[in-house]
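Only one structure is covered here, and it is reproduced in the block below.
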Amino acid sequence: MVTFVKLGGSLITEKRTPNTFRADAAARAAQELSSALAEHPNLKLLIGHGSGSFGHVAAKKYGTIHGVRSREQWHGFVEVAAAAAELNELMAKTLRAQGLPILRFQPSASARCRDGELIVMAVEPIRAALDNGLLPLVYGDVALDEVRGGTIISTETIFFYLARHLPVKRILLLGEVEGVLDTDGSLIPLITPLNLGEVEQALGGSAGTDVTGGMETKVREMIALARLVPGLRIRIISGLIAGNLERALKDPDAALGTLITA
């Protein structure tokens with residue numbers, strides 16, 4: 001079984017300042033991944049990361065998620081892809097510095113969408129990497145779209161697609177905040193389809209530029225995924241709290257952040 005780990009754009013970049021990499025937060029996450037794998041070498045991990053202040057700023061400028069048709073928009077499409085890839089290189093170097101066997105996978109190289117929905121993406125190379133003890137690294141990226149011309153696919157969208165083709169048991173989503181917070185700023189420890197309606201008012205956009213919808217979209221996508229994959233457990237936790245990621249990887253029952261299940 002595989003655990004998906006997302007290092008959010010709000011964690012590894014300063015989302016309010018374009019193209020600003022949070023090297024310290026990324027390095028801490030890499031160290032905690034390495035420590036967890038050293039203690040549990042049979043862990044199968046697929047790592048993804050958001051685009052933060054790299055891809056999202058350019059994507060908002062050109063409205064890429066809504067479609068790519070004009071010459072200017074296609075040039076913007078390439079700009080978004082380049083920014084996302086630049087952050088991916090920084091993240092890959094940080095992970096490799098901890099001795100992690102990272103193999104990068106560029107989503108836009110194989111992804112195809114239909115009116116914003118990811119319908120095709122190469123899975124077999126990722127499966128082969130996992131089978132050989134490697135750590136696939138994916139990221140939020142652009143994608144060609146049969147209806148819109150081009151669009152954006154978030155890391156959660158990629159996870160949603162891959163979870164239907166890989167034996168995933170857990171998903172860890174790391175960001176700035178400790179989990180999903182209610183209107184008073186208190187942590188909501190559990191979200192299921194039964195109580196989603198009660199916490200809807202607490203779900204809002206991210207503090208920085210996020211063209212893929214912020215926390216509300218993330219929670220709704222993960223609820224839908226939990227319904228689709230039997231037994232799947234998803235946690236939204238803070239990556240800024242030292243030890244959180246390592247603890248979550250070592251102890252699936254650790255009461256961290258917000259748990260999302262069906």
Checklist line | Extreme residue, farthest from residue 16 (Cα to Cα), among residues of the range 52-75 that are in contact (Cβ under 8 Å) with a residue 24 or more places away in the chain and outside any helix (DSSP H, G or I) | finding: 69
Next item on the list: Output the residues belonging to the range 223-261 that are hydrophobic (A, V, I, L, M, F, W, C), in contact with a helix residue (DSSP H, G or I) (Cβ under 8 Å, 6 or more places away or on another chain) and not in a loop (DSSP other than H, G, I, E, B).
Entry: 223, 224, 225, 228, 234, 236, 237, 245, 249, 260
Item checked: Pair list, Cβ < 6 Å and 6+ apart or interchain, from the range 242-262 residues that are in contact (Cβ under 8 Å) with a residue 40 or more places away in the chain and farther than 13 Å from residue 171 by Cα to residues that are among the basic types (Lys, Arg) and assigned to a helix (DSSP H, G or I) -> 262/227
Checklist line | Residue satisfying condition, being within 19 Å of the chain's Cα centre (by Cα) and either at pLDDT 95 or above or not aliphatic (A, V, I, L, M) (or both), within set 72, 39, 79, 86 | finding: 86
Check: Just wondering, is there one or more residues in the range 90-97 that are outside any helix (DSSP H, G or I) and in contact (Cβ under 8 Å) with a residue 24 or more places away in the chain?
Finding: yes
Notebook entry, point to check: Only one of these conditions is not met by residue 47: (1) within 23 Å of residue 252 (Cβ to Cβ); (2) in contact (Cβ under 8 Å) with a residue 40 or more places away in the chain; (3) in a helix (DSSP H, G or I). Which number is it?
Noted result: (3)
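The values are calculated or read from the model by the stated rules, or taken from the named source; none is laboratory data. This structure is a prediction, so every number in the text was calculated from the model and none was measured. As a convention, Cβ positions derive from the backbone with ideal geometry for all residues, glycine included, and neighbour counts pool all protein chains shown.
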